[in-house]
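> What follows is a structure written as structure tokens; I'll ask about it next.
The values are calculated or read from the model by the stated rules, or taken from the named source; none is laboratory data. No experiment lies behind these values; they were computed from the predicted model shown. Backbone-built Cβ (ideal geometry, glycine too); neighbour counts: all protein chains shown. Ligands, DNA and RNA are stripped out before the accessible areas are found, and what is left, the full protein with its side chains, is counted by its heavy atoms. Shrake-Rupley method; radii C 1.70, N 1.55, O 1.52, S 1.80 Å.
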Amino acid sequence: MVDMAMQKKLTLLAALALIGSVYAVLVRYTKSTAKLNYISSTVVAMQELLKMFMTSMVLCHESGGLGPAMQLLHHHIIRSPLDTAKLAVPSFLYALQNNMFFLSLSNMDAPTQQVLLELKIPFTALLCVFLLGRKLSVQQWLSIFLMFAGTGLIEYYSAADTKSAVNSDQPVPIASNENFMVGLFAVVVGSLCSAIAGVYFEKIIKTNDTSLWIRNFQLYVWSVPISFIASFINDWRKIKENGFFSGYNHLIWCLIFLSAFSGLIISIVLLYSNNITKCFATSLSIILSTIASFYLFNYHIGWYFICGTSLVCCSIFFYTVPLKCQSTKEPPAEHL
Ligand code: C5P
């Protein structure tokens, strides 16, 4: 029988998978089919602001009102600057990752991007070895090779698909102004940022008993100004000409809400579970978003994509099983 703690974890992971796939499909829709011309960096900034607002709401609820919540924040933010400063690292990395996510999605299709984002698993493995001194079995390294083989197949599929589409009258899934190499670079950098930030944040929330919501607030204290500054630096001309909220409509606000909500769920998953199980949810969202893209955008699913996706899923499985087996010898997964 599944116990309460496991039920909680499974519910969180299912919610994360569902939100992740809806989010990926919606981003794709707003960028291509809906032909909306919003400024991606402003969306990232609004997401961070909304997360900070939602976190404040939780803190008010937990501490019993606005006054006690303000006192708590004064104690943990103003009077603990060094503690708050620690969260600048994942904050900066997450902000960069968010921008890379949009850049990559503008340059490749949603399912391919979702699969390539799984590079965060081998990156997390490498970080565990080099930064946390953890040992990986041959099976685990083999699974990382499988991961690269899978993503290689996806790369090939995308390149072949774009090439053949040049001579075709059929609508193409990748628009002509998209550059796959730019997308690939962005997704690799984004995955690396994600892996470092994830491992770092998980370590912080599990090494002392400061509330998750205080940690989240400390994270967003940095990410809000970072994302707004990044937005103004990168898109100042567009913002000046068209306005910060240019191109915004109900779809964009849905996108902002979904992303903010999923960020908060990720933080809860990292507390009650770990980075690896979070990746399971991501892999499930790949399958869901692929199916959705097939129906919504007439996305062509070739055998390269199916093989690549299968290899990636197998590698996730083989990577995770030994981790569970080693739980008695090694630090528990929570301390990844
Ligand atoms: O791709 P990955 O799963 O690493 O993305 C994590 C996302 O979760 C980031 O967009 C980050 O902003 C968000 N997050 C958050 N709050 C946390 C931890 C992560 O909003 N405490």
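> Check Tyr29, Tyr38 and return the single one that is touching a Ser or Thr at 6+ places or on another chain (Cβ under 9 Å), in contact (Cβ under 8 Å) with a residue 24 or more places away in the chain and among the aromatic types (Phe, Trp, Tyr). If you could, list the steps in order and put the result at the bottom.
Numbers: Tyr29 fails: touching a Ser or Thr at 6+ places or on another chain (Cβ under 9 Å).
Only one candidate passes the filter, namely Tyr38.
Residues checked against (1) modelled with pLDDT of 90 or more; (2) not in a loop (DSSP other than H, G, I, E, B):
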| site | (1), (2) |
| --- | --- |
| Phe185 | yes, yes |
| Ser194 | no, yes |
| Glu202 | no, yes |
| Thr210 | yes, no |
| Arg215 | yes, yes |
| Ile226 | yes, yes |
| Ile229 | yes, yes |
| Lys240 | yes, yes |
| Tyr248 | yes, no |
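> Sticking with this one: If you scan the range 252-277, which residues turn out to be among the small types (Gly, Ala, Ser) and either within 14 Å of the chain's Cα centre (by Cα) or open to solvent by 20 Å² or more (accessible area, probe 1.4 Å) (or both)?
Within the range 252-277, the first condition is being among the small types (Gly, Ala, Ser), and the residues that meet it are 259-260, 262-263, 267, 273.
Of everything in the range 252-277, those that are among the small types (Gly, Ala, Ser) and either within 14 Å of the chain's Cα centre (by Cα) or open to solvent by 20 Å² or more (accessible area, probe 1.4 Å) (or both) turn out to be Ser259, Ala260, Ser262, Gly263, Ser267.
> Evaluate the range 237-251: report whether one residue or more is without any contact (Cβ under 8 Å) to a residue 40 or more places away in the chain, more than 30 Å from Asn37 (Cβ to Cβ) and open to solvent by 20 Å² or more (accessible area, probe 1.4 Å).
The initial filter retains those residues of the range 237-251 that are without any contact (Cβ under 8 Å) to a residue 40 or more places away in the chain, namely 237, 240-241, 243, 250.
Still in the running and more than 30 Å from Asn37 (Cβ to Cβ): none.
No, the range 237-251 has no match at all.
> List the residue pairs whose Cβ atoms are under 9 Å apart, where the first residue sits in the range 79-94 and is farther than 23 Å from Ser262 by Cα, the second is aromatic (Phe, Trp, Tyr) and in a helix (DSSP H, G or I), and the two are 6 or more positions apart or on different chains.
What qualifies is Ala85/Trp222.
> When residues of the range 257-276 are filtered for being hydrophobic (A, V, I, L, M, F, W, C) and away from the ligand (no atom under 12 Å from the Cβ), how many remain? Reasoning before the result, please.
Just the residues of the range 257-276 that are hydrophobic (A, V, I, L, M, F, W, C), to begin with: 257-258, 260-261, 264-266, 268-271, 276.
Then drop every residue that is not away from the ligand (no atom under 12 Å from the Cβ), which leaves 257.
Within the range 257-276, residues that are hydrophobic (A, V, I, L, M, F, W, C) and away from the ligand (no atom under 12 Å from the Cβ) number 1.
> Then there is this: Just to be sure I understand the filter: pairs with C-beta atoms under 8 Å, separated by 6 or more residues or on different chains, first member in the range 191-211 and on the phi > 0 side of the Ramachandran plot and of a type in the set (Phe, Trp, Tyr), second member more than 8 Å from the ligand (Cβ to nearest atom) and open to solvent by 30 Å² or more (accessible area, probe 1.4 Å). Which pairs pass?
none
> Just to check your reading of the model, which residue among Ser40, Ser104, Ser32 is open to solvent by less than 10 Å² (accessible area, probe 1.4 Å), modelled with pLDDT under 95 and under 22 Å from the mean Cα position of the chain (by Cα)?
Numbers: Ser40 fails: open to solvent by less than 10 Å² (accessible area, probe 1.4 Å); Ser32 fails: open to solvent by less than 10 Å² (accessible area, probe 1.4 Å).
Only one candidate passes the filter, namely Ser104.
> If you take the residues in the range 224-236 that are touching a residue at least 60 places away in the same chain (Cβ under 8 Å) and open to solvent by less than 90 Å² (accessible area, probe 1.4 Å), which one is farthest from Tyr94 (Cα to Cα)? Give the steps one after another, and end with the answer.
Taking the range 224-236 first, the residues touching a residue at least 60 places away in the same chain (Cβ under 8 Å) are 224, 226-228, 230-231, 234-235.
Pick out the ones that are also open to solvent by less than 90 Å² (accessible area, probe 1.4 Å) and you get 224, 226-228, 230-231, 235.
Values: Val224: 11, Ile226: 10, Ser227: 10, Phe228: 13, Ala230: 12, Ser231: 14, Asp235: 19 Å.
The qualifying residue farthest from Tyr94 (Cα to Cα) is Asp235.
> Could you please let me know if Gly198 is under 28 Å from Ser63 (Cα atoms), within 12 Å of the ligand (Cβ to nearest atom), under 14 Å from the mean Cα position of the chain (by Cα) and open to solvent by less than 30 Å² (accessible area, probe 1.4 Å)?
Working: under 28 Å from Ser63 (Cα atoms): yes; within 12 Å of the ligand (Cβ to nearest atom): yes; under 14 Å from the mean Cα position of the chain (by Cα): yes; open to solvent by less than 30 Å² (accessible area, probe 1.4 Å): yes.
Judged against the criteria, Gly198 is a match.
> Okay, moving on. Within the group Ala69, Ala110, Ala85, which residue is of a type in the set (A, V, I, L, M, F, W, C), modelled with pLDDT of 80 or more and crowded, with 19+ Cβ neighbours inside 10 Å? Please lay out each step first, then the result.
Details: Ala110 fails: modelled with pLDDT of 80 or more; Ala85 fails: crowded, with 19+ Cβ neighbours inside 10 Å.
Just one listed residue meets the conditions, Ala69.
> In the range 115-129, which residues are open to solvent by 10 Å² or more (accessible area, probe 1.4 Å) and charged (D, E, K, R)?
Across the range 115-129, the qualifying residue is only Lys120.
> Would you confirm whether any residue within the range 277-284 is of a type in the set (S, T, N, Q) and near the ligand (Cβ under 9 Å from one of its atoms)?
Of all residues in the range 277-284, those of a type in the set (S, T, N, Q) come to 277, 282-283.
Those still in the list that are near the ligand (Cβ under 9 Å from one of its atoms) too: 282.
Yes: the range 277-284 contains one or more residues that are of a type in the set (S, T, N, Q) and near the ligand (Cβ under 9 Å from one of its atoms).
> Is it the case, given these coordinates, that Tyr220 is farther than 30 Å from Ser137 by Cβ, open to solvent by less than 30 Å² (accessible area, probe 1.4 Å) and not polar (S, T, N, Q)?
For Tyr220, the condition - farther than 30 Å from Ser137 by Cβ, open to solvent by less than 30 Å² (accessible area, probe 1.4 Å) and not polar (S, T, N, Q) - is met.
> Among the residues of the range 215-233 satisfying the criterion of being of a type in the set (Val, Ile, Thr) and out of contact with any Asp or Glu (no Cβ under 9 Å at 6 or more places or on another chain), which is farthest from the ligand (Cβ to nearest atom)? Break it down stepwise before answering.
Step one: filter the range 215-233 for residues of a type in the set (Val, Ile, Thr), giving 221, 224, 226, 229, 233.
Those still in the list that are out of contact with any Asp or Glu (no Cβ under 9 Å at 6 or more places or on another chain) too: 221, 229, 233.
Values: Val221: 12, Ile229: 16, Ile233: 19 Å.
In this case the residue turns out to be Ile233.
> Confirm whether Ala281 is touching a Lys or Arg at 6+ places or on another chain (Cβ under 7 Å) and in contact (Cβ under 8 Å) with a residue 24 or more places away in the chain.
no
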